[in-house]
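Enquirer: Take this structure first; my questions come after.
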Amino acid sequence: MFKSFSRPPATRLTALLIALLTLSSSGALLAQDPDTLELRFITIEVAPWASHNEQTQNLEGAFFDIIQALEQRTDFRIHASITPFARVDRELESGNHDCTILVPRPKSLVVPGALVFNHALGAIARKEFVLESYDDLQDLRISVLRGGSLNEQFDTDDSLIKEFDTDYVIGLRKMARGRIDAIVGAISTLLYVAEEEGYLDILGEPLVLQEMSLYFQCSRRSEHLNAMPVINRAIEEMRQDGTLDAIKTKHRL
């Protein structure tokens, strides 16, 4: 009769504990692996940059195309959301969101990152008002995006007649009703929204007053600032290989 050489119960228990500890250790390392890092991005809700499509219920725009490209190049998982302009700074200040791609935010709130691209800011008036220079804005009733900024000259010019609105659609509707004469903001966005809302035929030629730079930047309260160099490199690669230009062209920015 042969003797049994099966492992004693105590030995089997020891082996099981070692295996569990090994798995737990591996899981901890995996959770810290930068390839699985999860980040929260936020930006302003304004088409064609970033908006909510009421028909498809999807979030879409250049911002989300950039986020998708960054995920593919970094293997980070990025949760992206949109909000009115005035709320972005509060979200970054609180640390509720890690990063944004937007015009430069106060350095007290963010760590600046790579330049994404530039696009034009300026004014568009009703057809009957021809805008050839800054001086042509005098005596016009101008819609300004609440919380937005054009340039120092415009922002501090108290001689201009300014009305502050929460979005471009409201400004365009006021213009269609004759309540305002011009709107200032991102030219490509204004034209996009005007076309979508059916107001393009009431607008004259845009007056470009400023080039706006959109930067990748992260909240100083983010726990993932060590991810910034990786994303900065990915953005630079996207600039060099034409990815950013293709996204800009696709969305007419």
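The values are calculated or read from the model by the stated rules, or taken from the named source; none is laboratory data. Given the structure is predicted, the values throughout are model-derived calculations rather than measurements. Please note: Cβ atoms are built from the backbone with ideal geometry, for glycine as well, and neighbour counts cover all protein chains shown.
Enquirer: In the stretch 129-170, what residues are assigned to a helix (DSSP H, G or I) and more than 22 Å from the chain's Cα centre (by Cα)?
Expert: Just the residues of the stretch 129-170 that are assigned to a helix (DSSP H, G or I), to begin with: 134-137, 152-155, 168-170.
Across the stretch 129-170, the qualifying residues are 134, 135, 136, 137, 152, 153, 154, 155.
Enquirer: Here's something else I'd like to know. Looking at the structure I just gave you, is residue 127 assigned by TED's automatic domain parsing to the domain that holds residue 219 and either touching a Pro at 6+ places or on another chain (Cβ under 9 Å) or surrounded by fewer than 19 Cβ atoms within 10 Å (Cβ to Cβ) (or both)?
Expert: Spelling it out, it is not the case that residue 127 is assigned by TED's automatic domain parsing to the domain that holds residue 219 and either touching a Pro at 6+ places or on another chain (Cβ under 9 Å) or surrounded by fewer than 19 Cβ atoms within 10 Å (Cβ to Cβ) (or both).
Enquirer: Of the conditions (1) in contact with a strand residue (DSSP E or B) (Cβ under 8 Å, 6 or more places away or on another chain); (2) at pLDDT 95 or above; (3) in a helix (DSSP H, G or I); (4) not hydrophobic (A, V, I, L, M, F, W, C), residue 173 fails just one. Which one is it?
Expert: Evaluating residue 173 over (1) in contact with a strand residue (DSSP E or B) (Cβ under 8 Å, 6 or more places away or on another chain); (2) at pLDDT 95 or above; (3) in a helix (DSSP H, G or I); (4) not hydrophobic (A, V, I, L, M, F, W, C) leaves (1) as the failure.
Enquirer: Tell me whether the stretch 205-228 contains one or more residues that are farther than 24 Å from residue 97 by Cα and either of a type in the set (S, T, N, Q) or without any contact (Cβ under 8 Å) to a residue 60 or more places away in the chain (or both).
Expert: Yes, the stretch 205-228 contains a residue that is farther than 24 Å from residue 97 by Cα and either of a type in the set (S, T, N, Q) or without any contact (Cβ under 8 Å) to a residue 60 or more places away in the chain (or both).
Enquirer: Against the definition (of a type in the set (A, V, I, L, M, F, W, C), over 22 Å from the mean Cα position of the chain (by Cα) and closer than 24 Å to residue 109 by Cβ), how does residue 216 come out, yes or no?
Expert: Answer is no for this residue.
Enquirer: Checking residue 180 against (1) crowded, with 19+ Cβ neighbours inside 10 Å; (2) assigned to a loop (DSSP other than H, G, I, E, B); (3) touching a helix residue (DSSP H, G or I) at 6+ places or on another chain (Cβ under 8 Å); (4) at pLDDT below 95, which single condition isn't satisfied?
Expert: With respect to (1) crowded, with 19+ Cβ neighbours inside 10 Å; (2) assigned to a loop (DSSP other than H, G, I, E, B); (3) touching a helix residue (DSSP H, G or I) at 6+ places or on another chain (Cβ under 8 Å); (4) at pLDDT below 95, residue 180 is out only on (4).
Residue by residue, here is whether (1) modelled with pLDDT of 95 or more; (2) under 23 Å from residue 119 (Cα atoms) holds:
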site: 50; (1), (2): no, yes
site: 56; (1), (2): no, no
site: 64; (1), (2): yes, yes
site: 71; (1), (2): yes, no
site: 75; (1), (2): no, no
site: 78; (1), (2): yes, no
site: 83; (1), (2): no, yes
site: 87; (1), (2): no, yes
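Enquirer: Looking only at the stretch 61-94, count every residue that is within 24 Å of residue 252 (Cα to Cα), out of contact with any Asp or Glu (no Cβ under 7 Å at 6 or more places or on another chain) and surrounded by fewer than 16 Cβ atoms within 10 Å (Cβ to Cβ) and tell me the total.
Expert: 4
Enquirer: Please state which of the following conditions residue 185 fails to meet, knowing it meets all the rest: (1) modelled with pLDDT under 95; (2) part of a helix (DSSP H, G or I).
Expert: With (1) modelled with pLDDT under 95; (2) part of a helix (DSSP H, G or I) applied to residue 185, the lone miss is (2).
Enquirer: Also, I was wondering about something else. Here are some residues: 105, 87, 126. Which one is under 14 Å from the mean Cα position of the chain (by Cα) and more than 28 Å from residue 245 (Cβ to Cβ)?
Expert: Of the residues listed, the single one that is under 14 Å from the mean Cα position of the chain (by Cα) and more than 28 Å from residue 245 (Cβ to Cβ) is 87.
Enquirer: All but one of (1) modelled with pLDDT under 95; (2) not in a loop (DSSP other than H, G, I, E, B) hold for residue 253, so report the exception by its number.
Expert: Of everything listed in (1) modelled with pLDDT under 95; (2) not in a loop (DSSP other than H, G, I, E, B), residue 253 misses just condition (2).
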